[in-house]
Amino acid sequence: MIDVLLYEVSPRDGLQNEKDFVDTDIKIELINKLSETGLKKIEATSFVSPKWVPQLADNLDVMRAIKRSNSVTYSALTPNLKGFYAAIGADVREVAVFAAASESFSKKNINCSISESIERFRPLMAMAKENNIAVRGYVSCVTHCPYEGAVDPKQVMKVSKLLLDMGCYEISLGDTTGQATSKEIKDLLLLIRNSFPIENFALHCHDTYGQAIANILTGLELGIRTIDSSVAALGGCPYAKGASGNVATEDVLYLLNGLGLNTGIDLDKIIDTAWFISNKLGRVPNSKISLTKRCS
């Protein structure tokens, strides 16, 4: 049976743009519930300036209070060396850095050019290697940019190569606007496979245009074995108009189960967790499976 890894991003990517502050205890309980589902990777928080992401200002409190499972890797986004040191102090053993395939998006999102962002990562990568910390790389806007339109796949290749050469063990390819179609994902992945091992890449799909599941299926057919997802479809991108949410973990898991692929994740527990966090946020899950299961 083929194994597929779901990389859960709801505690960080899912909650970071909530307008009202989510209580620290709720974040802790969310992560604890996710830890009991069979997930092996959970992006728990982000060590960025509270000025830019006030929702995750409690990062240290969260990381110190969660009940850690030996079978789960708890990661955090660290945009610079200061964030990296803070993450290490919180006993984070995997971090992520964030780049873009679009110059305009890079400047809007992290306030620097693509080349400047890469240079900022170099001292972080050196310290990560010294401390035996795994580093994951995100590349956003892999098919479309909200400011520039269609993105040249060669630019995605260029940024991905820079991150891999620096030491990132994996590149998560982000369809930030949710506009990608199966053909665009296929064309991009075929190009990538000609130059890199496909096992070094993951897909991070938004479902803004209802294409996420189709794009993930295309990725699976081309060898992708790591999928980013967010329970209850929490999240979105504040710099991409209309990018309302990540693909729901429970919807992806239903697809994988139907394909006979192995994840080791309990769908019922994921659905329960989706309803837990949605209730705390005063809404229903933005997921077909969670709504269907609760109504049945």
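Report the charge-dipole magnitude of the chain in Debye, nearest 20, computed about the Cα centre from +1 at each Lys and Arg Cβ and -1 at each Asp and Glu Cβ. Mind showing how you got there, number by number?
Numbers: 32 positive and 34 negative charges, 53 e Å.
Computed about the Cα centre, the dipole is about 260 debye.
Report the one residue of 245, 200, 77 whose Cα lies farthest in the direction of the positive end of the charge dipole of the chain (charges on C-beta: Lys and Arg +1, Asp and Glu -1; origin at the Cα centre).
77
In whole Å, how far is the Cα centre of region 166-233 from that of region 8-82?
23 Å
Pull up all non-local amide H partners of residue 138: gap of 5 or more, or a different chain, and H-to-H distance under 5 Å with H placed in the peptide plane.
97, 98, 99, 172
Expressed as a fraction of 2.2 N^0.38 Å, the rule-of-thumb size for a compact globular protein of N residues, what is the C-alpha radius of gyration of region 113-246? Please report the intermediate quantities before stating the final value.
On the way: Rg = 14.6 Å, N = 134, 2.2 N^0.38 = 14.1 Å.
With N residues counted in region 113-246, Rg over 2.2 N^0.38 Å equals 1.03.
Cross-link list 19/269; 129/154; 107/158; 27/288: which exceed 20 angstrom alpha carbon to alpha carbon?
19/269; 129/154; 27/288
Between residue 70 and residue 150, 0.36 nm times their residue separation minus their Cα-Cα distance comes to what?
Here the segment from residue 70 to residue 150 would lengthen by 24.6 nm.
Before rounding to the nearest 500, sum -39500 (n - 2.57) across all DSSP H runs of length at least 4 in the chain and divide by the residue total; then give [θ] at 222 nm in deg cm²/dmol.
About -12500 deg cm²/dmol.
At 7 Å along the Cα-to-beta-carbon direction for both residue 261 and residue 161, put a label point, then send me their distance in nm to one decimal.
Using points 7 Å along Cα→Cβ, the separation is 2.8 nm.
What does a probe at residue 21 reach in region 254-296, counting residues whose amide N is under 17 Å from the point 7 Å along Cα→Cβ?
281
At a threshold of 8 angstrom on Cα-Cα distance, excluding pairs fewer than six apart, so keeping six or more, what relative contact order does region 5-295 reach in percent?
Contact order relative to length: 18 percent.
Sequence gap at least 6, Cα distance under 8 Å: using those rules, report the relative contact order of region 91-170 to the nearest whole percent.
38 percent
Pairs 161/183; 33/186; 41/183; 41/280; 41/82; 161/293: which are spaced more than 30 Å apart, C-alpha to C-alpha? Don't skip to the end; give the middle numbers.
Details: 161/183 22 Å; 33/186 34 Å; 41/183 28 Å; 41/280 23 Å; 41/82 23 Å; 161/293 42 Å.
The answer is 33/186; 161/293.
What Kirkwood hydrodynamic radius do you get for region 1-127 when you take the inverse of the mean 1/r over all pairs of distinct Cα atoms, in Å?
15.3 Å
Summing Lys, Arg as +1 and Asp, Glu as -1, what charge do residues with Cβ under 12 Å from the Cβ of residue 132 carry, residue 132 excluded?
In short, 0.
How would you rank 144, 204, going from fewest to most other Cβ atoms within 10 Å of each one's own Cβ?
Exposure proxy ranking, most exposed first: 144, 204.
With the crude spin-label approximation of a point 7 Å out along Cα→Cβ, what separation in nm comes out for residue 112 versus residue 199?
In this crude label model, residue 112 to residue 199 measures out at 3.2 nm.
Read the figures in this text as sums done on the coordinates, not as results from a lab. In this text, all values refer to a predicted model and were calculated from it rather than measured experimentally. Positions of Cβ are backbone-derived with ideal geometry, glycine not excepted, and every protein chain shown enters the neighbour counts.
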